[in-house]
Amino acid sequence: MKIIKYFPGIILSFAIAALATWIESLLPIHLVGSAVIAMFIGMIINRFLTKTDIFSSGIKFTSKKLLKFAIILLGLSLNITTVLQVGKMSLTVMVFTLLTCFGGGYFIGKALGLNWKLSNLISAGTGICGGSAIAAIAPTIDADDDDVAYAMSATFLFDMAMIILFPIMGRAIGMTDEAFGIWAGTAVNDTSSVVATGYAFSEGAGDFATMVKLTRTLSIIPTVITFAFISLRLKKKEAQKNSKNPDELKANFSIKKIFPWFILGFVAMSVVASVFTIPAEIVSGTKTVSKFLMVSALAAIGLNTSFSSFKKSGIRPMIHGFIISALVVVVALLVEICMGIV
C-alpha cells in the first residue's frame, strides 16, 4: 500500500520528537525548547541518511502535512475574546514591533545579501511567535528546509540570552509586573521562552506575558495571508520571464492554488474555543498534541538539513536575527515609556 511508505519517516520523526521532549524535561532551567533540540538531533542523523532511503517520503510528509495540522490544532488553545481583552493594552506595542521586524528586516536582509524567504522567516520568528510563525509561513512561501533551520537557529539563540537578561534589566529599570509582562510578551520570540522569562521576573508578570504572547500569535493569520499574496506576485513575475502565453500564466497561477487553507482551520479552531466552553483537559490535550506534532515537523526539517549547508550561509542569518531582535527589544521599551506603562 502507498501509505505504508510514509511510516518509517513519520516514526523516525516522532522518535526524535519524543527524545527531544524528554531532554527538555531534564533541563533545570528552560534555555532550549524541544523544537530546537529535535531539529539539531535531526541534522546530526542527517549525516547517516541517504537521499534514496526508506525514510524520505515520511520525512517530507511530516515536515509539510503534519506541520500544517499542528498549526490548525494550535488554534484551539487561543480564545480570541480573552486574547483581545489583553491585546487592547499591548496592541500599540505589537504594531510597532511588527513594523520594526518586517520593515527593518527587509533592509537588513538586503544589506546582508540574504534571500527574501530566509530574511522574512527570521523577521516572522522574531516579531510573532518564534518557531510557530516560522512553521506557519514556511509552506506558504515554499521555503526550503535549510531556510527554516537557519531561521529557527537565529531566533532561539537570542531567546536563550533574553531569559537571563530580561529579568535583570526589568528590575534595574524598576518595571511593574504589568509593564514587564507586556515587554517580555512582545519582545521575546518563542512562547516557551516568553513564559520562562515572565515567570523569572514574577508570577504576575508571567501570567501577563503569556496572555500578551497569545495576542501576538493571532497576527499569524494576516501575516500568512499577506505572504501568500507576495509569493503569488513573485511567482507570476518569474513566470512572465519564461512564458509568452498569458492564458498559460492565468491557468498556472490563482489564489486558490497558493492560499494557505490551513490558516482557515487555525481561525475556525480559535472561533470554536471562543464560542463554546471546552473542558480544560481537552484544550490542554490538543495543545500537547499540537506541540508534539510541531516538534516532530522540526525534527523532519532537521533530517532534511545538513550542517554543511549551514556553512554556505555562514553567520549572516545570525547577524540578521540579532539585529532585528535587539531592535525589537529597544522599540518595545521605548513605546511603553511613551505610553506611560513603565
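Every number in this text was worked out from the coordinates using simple rules, so none of it is lab data. Keep in mind the model is a prediction, meaning the values are calculated, not measured. Glycine gets a Cβ as well: all are built from the backbone with ideal geometry, and neighbour counts include every protein chain shown.
Measuring nothing but how far apart in sequence close Cα pairs (under 8 Å, 6+ apart) lie, relative to its length, the range 2-339 scores a relative contact order of 35 percent.
Between the listed residues Thr215, Ile137, Ile163, the Cα displaced farthest toward the positive end of the dipole of the range 2-339, a dipole computed from Cβ unit charges relative to the Cα centre, is found at Ile137.
Take the Cα of Leu165, step 7 Å toward its Cβ, do the same at Glu238, and the gap between the two points is 3.6 nm. Taking the helices alone, the chain has a mean residue ellipticity at 222 nm of -24500 deg cm²/dmol, built from -39,500 (n - 2.57) per DSSP H run of at least 4 residues and averaged over all its residues. Ordered from longest to shortest, the equivalent ellipsoid semi-axes for the range 2-339 are 31, 24, 21 Å, each the square root of 5 times a Cα gyration tensor eigenvalue. What the phi angles of the range 269-278 give under the Karplus curve with 6.51, -1.76 and 1.60, with θ = phi - 60°, is a coupling list of 5, 5, 5, 4, 5, 7, 8, 9, 8, 9 Hz, glycine and proline written as x. Rounded to the nearest 0.05, the FRET efficiency derived from the C-beta distance between Ala326 and Asp142 at R0 = 22 Å is 0.15. Dipole magnitude for the chain: about 1440 debye, using +1 per Lys or Arg Cβ and -1 per Asp or Glu Cβ, origin at the Cα centre.
Placing unit charges on each Cβ (+1 for Lys and Arg, -1 for Asp and Glu) gives the chain a dipole about its Cα centre, and among Ile323, Leu99, Trp261 the Cα reaching farthest toward its positive end belongs to Trp261. Between Gly302, Phe292, Val194, the Cα set farthest toward the positive side of the dipole of the chain (charges on each charged residue's Cβ, about the Cα centre) is that of Gly302.
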